[in-house]
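Have a look at the structure below, then the notes.
The values are calculated or read from the model by the stated rules, or taken from the named source; none is laboratory data. Everything quoted here is computed from the prediction, not taken from an experiment. Counting neighbours? That spans all protein chains shown, and the Cβs are built from the backbone with ideal geometry, glycine included.
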Amino acid sequence: MEKKMTLEEELKNLEELVKELENGDVDLDKAITKYTDAMKLAKSASDKLKTAEEKVNKILTEDGKLEDFNIE
């Protein structure tokens, strides 16, 4: 069972994959695999950021419920 990575770990791994791909010393099959892995990490990181943004845009009401935060 794979351990879930934190957003920071995903971004670090993504950065390393991009550097390896930019370096150009990877054969085509490995480059395709690394690109696929990078796209999965980018999607996962994007999803985590979206979830965090949704949580931040909520406000706790007096009765303890979370509601969307709107500035009027």
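Whether any residue in region 58-67 is in contact (Cβ under 8 Å) with a residue 12 or more places away in the chain and surrounded by 10 or more Cβ atoms within 10 Å (Cβ to Cβ) is what I want to check.
The answer is no; no qualifying residue exists.
Can you pull out the residues in region 23-72 that are outside any loop (DSSP other than H, G, I, E, B), among the acidic types (Asp, Glu) and over 10 Å from the mean Cα position of the chain (by Cα)?
Taking region 23-72 first, the residues outside any loop (DSSP other than H, G, I, E, B) are 23, 28-56, 58-60, 66-68.
Next cut, among the acidic types (Asp, Glu) only: 29, 37, 47, 53-54, 67-68.
Hits for region 23-72 are Asp29, Asp37, Glu53, Glu54, Glu67, Asp68.
Taking region 1-19 on its own, how many of its residues are surrounded by fewer than 13 Cβ atoms within 10 Å (Cβ to Cβ) and not in a helix (DSSP H, G or I)?
Adding up the residues that qualify gives 5.
Kindly provide the set of residues from region 32-60 that are within 16 Å of Leu14 (Cβ to Cβ) and polar (S, T, N, Q), ordered by number.
If the condition is that a residue be within 16 Å of Leu14 (Cβ to Cβ) and polar (S, T, N, Q), then Thr33, Thr36, Ser44, Ser46 are the ones that fit.
Starting from residues that are in contact with an Asp or Glu (Cβ under 7 Å, 6 or more places away or on another chain) and closer than 22 Å to Thr6 by Cα, keep the ones in region 20-57 and report whichever is surrounded by the fewest Cβ atoms within 10 Å (Cβ to Cβ).
The extreme case among them is Asn57.
List pairs: first residue in region 6-33 and farther than 19 Å from Ala45 by Cβ and of a type in the set (A, V, I, L, M, F, W, C), second residue at pLDDT 90 or above and in a helix (DSSP H, G or I) anywhere in the structure, Cβ distance under 8 angstrom, at least six positions apart or on different chains.
Val26/Glu20; Val26/Lys34; Ala31/Leu21
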